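The values are calculated or read from the model by the stated rules, or taken from the named source; none is laboratory data. For clarity, every value in this text was computed on a predicted model and none was experimentally measured. Virtual Cβ from ideal backbone geometry, glycine too; neighbours counted across all protein chains shown.
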Amino acid sequence: VKDYYATLVAVDENVGKVLKALDETGKLDETAVIYSSDNGFFHGEWGLYDKRLMHEPSIKVPLLVRYPPLVKPGSTDGRMVTNVDVAPTMLELAGVPIPAHMQGRSLKPLLTGRPVQWRKDWLYEYFEYPDAHRVKPHRGVRSERYKLIHWFTEPQEWEFYDLQKDPGELHNLYS
């Protein structure tokens, strides 16, 4: 855990260096800065220390956008975005057409605070097994309120959570 947090401090320091360099060149307020991660991480929740499960500590990732011409400082949006939305966002902000075959949607409407219909659910899959991490293959659907997880190797298992009533995913309602 100590090494993990040291890495986060190093990332934070280096993001600060990039922002400082942009500020010193006068480009900070005209540059879109998008900060995210490839995964969330368990830090002891349920006795786990990993990133390969469909539970909230693993699937929630930071996503911060700084772009003064478009994004109001301090604004937030709780809608579900995924990593496939980053590339179309960058293309649209750069004024480049988004290819029709590209997955994901530009976050620009969310960044501006405009009302827009957005995704209500998404699919998760993990099937890298057996490997050193020994995480059983599973898939599931995460909606705004509910989550269904299917561990599809024998013995199969299911989990179902009402995230509004049980955000900690402590009570499996599948039965």
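Would you say L19 is at pLDDT 95 or above, touching a Lys or Arg at 6+ places or on another chain (Cβ under 9 Å) and either over 13 Å from K108 (Cα atoms) or surrounded by 10 or more Cβ atoms within 10 Å (Cβ to Cβ) (or both)?
Working: at pLDDT 95 or above: yes; touching a Lys or Arg at 6+ places or on another chain (Cβ under 9 Å): yes; either over 13 Å from K108 (Cα atoms) or surrounded by 10 or more Cβ atoms within 10 Å (Cβ to Cβ) (or both): yes.
It is true that L19 is at pLDDT 95 or above, touching a Lys or Arg at 6+ places or on another chain (Cβ under 9 Å) and either over 13 Å from K108 (Cα atoms) or surrounded by 10 or more Cβ atoms within 10 Å (Cβ to Cβ) (or both).
Those residues that are among the β-branched types (V, I, T) and in contact with a Leu (Cβ under 8 Å, 6 or more places away or on another chain), I need them from the range 96-150; list them, please. Spell out how you get there, then give the answer.
Step one: of the range 96-150, the residues among the β-branched types (V, I, T) are 96, 98, 112, 116, 135, 141, 149.
I98, T112, V116, V135, V141, listed by residue number.
If I filter the range 39-46 for residues that are surrounded by fewer than 13 Cβ atoms within 10 Å (Cβ to Cβ) and either in a helix (DSSP H, G or I) or in contact with a Gly (Cβ under 7 Å, 6 or more places away or on another chain) (or both), do I get at least one hit?
yes
Any chance you could count how many residues in the range 27-63 are within 11 Å of the chain's Cα centre (by Cα) and of a type in the set (D, E)?
2
Can you tell me which residues in the range 77-124 are free of Cβ contacts under 8 Å to residues at least 60 places away in the same chain, among the aromatic types (F, W, Y) and in contact with a helix residue (DSSP H, G or I) (Cβ under 8 Å, 6 or more places away or on another chain)?
Selection gives W118 alone.
Read through the list (1) crowded, with 16+ Cβ neighbours inside 10 Å; (2) touching a residue at least 24 places away in the same chain (Cβ under 8 Å); (3) of a type in the set (A, V, I, L, M, F, W, C), then give the number of the only condition that L28 fails.
With respect to (1) crowded, with 16+ Cβ neighbours inside 10 Å; (2) touching a residue at least 24 places away in the same chain (Cβ under 8 Å); (3) of a type in the set (A, V, I, L, M, F, W, C), L28 is out only on (2).
Which condition number in (1) modelled with pLDDT under 95; (2) more than 16 Å from the chain's Cα centre (by Cα) is the one that M102 fails?
(1)
Can you pull out the residues in the range 127-168 that are within 24 Å of V81 (Cβ to Cβ) and either aromatic (F, W, Y) or in contact with a helix residue (DSSP H, G or I) (Cβ under 6 Å, 6 or more places away or on another chain) (or both)?
Result: F127, Y146, F160, Y161.
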